[in-house]
Amino acid sequence: MEAQIPVIDLDNTKCEKYLDTAWREIGFACITGHQINLNLFTSMRSLLKRLFTLSDEIKTTYQITPNNYRGFVPLSFFTPNRGERTGMQADIYEAFKLHWECPAEHPVREECSLYGSNRWVSELEDMAEIVSNYWNACDDLSEKLLYFAAKSLGVDFQSLFSAFEAPLTNMTLLRYPPTPEESEYGIHPHKDTNIFTLLHPDPNGGLEIKGPDGSWIEINCPEDALVINTGEMLELWSGGHYTATAHRVINRGSDRYTFPYFMVPNHKVVIKPL
């Protein structure tokens, strides 16, 4: 079943109102008029295909470690860990984790070990350039979305935007292989913990959200649109006016490639109702 998620054009003079309604009622919206060059989506998806076809030997060289959550995440590495269900199978995806590229001289590195430099794969010489171009476009769009949210909620935009100096914003490059019928999920049902998630959905589909009646419904989004959803931080910031909605991935088609951008404030920011 396809979700009735609104498609909102940011060039529409009423987009602020439409976004506010979507984030209050369902937590998801498909947006056009986002000003992100469509070639960036193509470049990113092509990069992911090259990234995940690298040999296991190369991937192991760049694998995440307990001290640095940047790099390759092996296939079926994670299982749900919140305890709501026991005996769940591992999520069927492999990933490459990236974080905000913190300048080497930035003092925040001394404050929190989560900050640092990304591990760019030297075998892909254009990786840093492609990702950075897309990341910068997402930064611009997320700032615009934050402005709309602040205006709708009646809070000062600059006080919100100042929370993103030295952010913990991050991105996950993902490959979901076809999910066997006997397996559960590409990624298990969860809510994002951040402010906004920006996602260009793979044409293969597979992204489902939990409807008000508890049923799972698949998102159908125009190819030139982005899926935007609100996370638990924004739900709390908004005093519950905006909602974070559970979603999952079940991939029954060919390999699925996505690259969600997660907007997260500075590590010192205390998230509480505004």
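The values are calculated or read from the model by the stated rules, or taken from the named source; none is laboratory data. In this text, all values refer to a predicted model and were calculated from it rather than measured experimentally. Here the Cβ positions follow ideal geometry from the backbone for every residue, glycine too, while neighbour counts run over all protein chains shown. Just so you know, the surface numbers come from the protein's heavy atoms only, side chains and all, with ligands and any DNA or RNA stripped out. Shrake-Rupley method; radii C 1.70, N 1.55, O 1.52, S 1.80 Å.
Set the Förster distance to 25 Å, then compute FRET efficiency between GLU223 and GLN4 from the Cβ-Cβ distance, nearest 0.05.
0.85
Please find the FRET efficiency linking ILE58 to GLN35, where r is the Cβ-Cβ separation and R0 is fixed at 41 Å, and quote it to the nearest 0.05.
Numbers: r = 35 Å, r/R0 = 0.86.
Efficiency, rounded to the nearest 0.05: 0.70.
Sort by residue number and report every cysteine in the chain with no other cysteine beta carbon within a distance under 4.7 Å.
By the Cβ distance rule, which asks for a partner under 4.7 Å, the isolated cysteines are CYS15, CYS102, CYS112, CYS138.
Using a 1.4 angstrom probe on heavy atoms only, work out the carbon and sulfur share of the accessible area of the chain in %.
49
With a cut-off of 8 Å between alpha carbons and a minimum separation of six or more residues, what is the relative contact order of the range 117-274 in percent?
32
Rounded to whole Hz and in sequence order, give me ³J(HN,Hα) for the range 257-274 from the Karplus expression 6.51 cos²θ - 1.76 cosθ + 1.60, θ = phi - 60°, writing x for Gly and Pro.
10, 9, 8, x, 10, 10, 7, 9, x, 4, 5, 7, 5, 8, 8, 8, x, 6
Based on the Kirkwood radius over alpha-carbon pairs, what value in µm²/s does the Stokes-Einstein equation return for the translational diffusion coefficient of the range 1-147 at 25 °C and 0.890 mPa s?
Answer, rounded: 132 µm²/s.
Enumerate the calculated ³J(HN,Hα) couplings along the range 34-43 in order (Karplus 6.51 cos²θ - 1.76 cosθ + 1.60, θ = phi - 60°), each rounded to whole Hz, writing x wherever the residue is Gly or Pro.
Per-residue couplings from phi come out as 7, 6, 8, 4, 4, 5, 5, 4, 5, 5 Hz.
Under 23 Å between C-alpha atoms is the cut-off here; go through the chain and count lysine pairs that meet it, provided they're at least eight residues apart or on different chains.
16
With every protein chain left in place, what is the accessible area per residue of the range 173-263 in square angstrom, probe 1.4 Å?
Roughly 35 Å² per residue, with all protein chains present.
Sum -39500 (n - 2.57) across every DSSP H segment of at least 4 residues in the chain, then divide by the residue count to get the 222 nm mean residue ellipticity, nearest 500.
Estimated from H runs of four or more residues: -8000 deg cm²/dmol.
Quick one: if you stick a label point 7 Å off each Cα along the C-beta vector at GLN158 and HIS106, how many nm between them?
The modelled label-to-label distance comes out at 2.2 nm.
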